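Each value in this text was obtained by applying a stated rule to the coordinates, not by laboratory testing. As the structure is a computational prediction, the values presented were derived from the model and not from experiment. Cβ sites come from the backbone with ideal geometry, for glycine too, and all protein chains shown count toward neighbours.
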Amino acid sequence: MLAQEMGVIFTKHVGHMSAKSWTEFLHQLESKGLYIVIETTTNGRVMSPFGGLMPMPCKSETLQIVSSDELKQRGLPLGHHIVTKSKVDVVAT
């Protein structure tokens, strides 16, 4: 299936996925040494379900799947991350 086709199908299915389904999906990525990094430009913060603050979703965020080596290159520990891009980074890209 082409990426464009999967993209259309994915948007229809994603709204029906439970937190448990997402957790299983993320565990599958982790088992392959892959992690999600969400980059956002928002300064707003919301409470994480597990405590602490995290950036609010925004329209300009990007979602990337990276390897453990790519996490190390970014200076991030092993795991999934939400990082805030500075406005300087956004203008430069």
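If the chain linking residue 22 and residue 76 were pulled fully straight, counting 0.36 nm for each residue of separation and taking away their Cα-Cα distance, it would gain 17.3 nm.
Under 12 Å from a label point 7 Å along Cα→Cβ of residue 58: give me every residue in segment 29-44 with its amide N that close. Label zone hits: 39-44. Beta bridges per DSSP, both residues in the chain: antiparallel share near 70 percent. When the charge dipole of the chain is built from unit charges on Cβ atoms (+1 for Lys and Arg, -1 for Asp and Glu) and taken about the Cα centre, the candidate among 47, 63, 29 whose Cα reaches farthest toward its positive end is 47.
Taking every Cα-Cα distance in the chain and sorting them into 10 Å bins from zero, the calculated P(r) comes out as 14, 37, 40, 9 percent.
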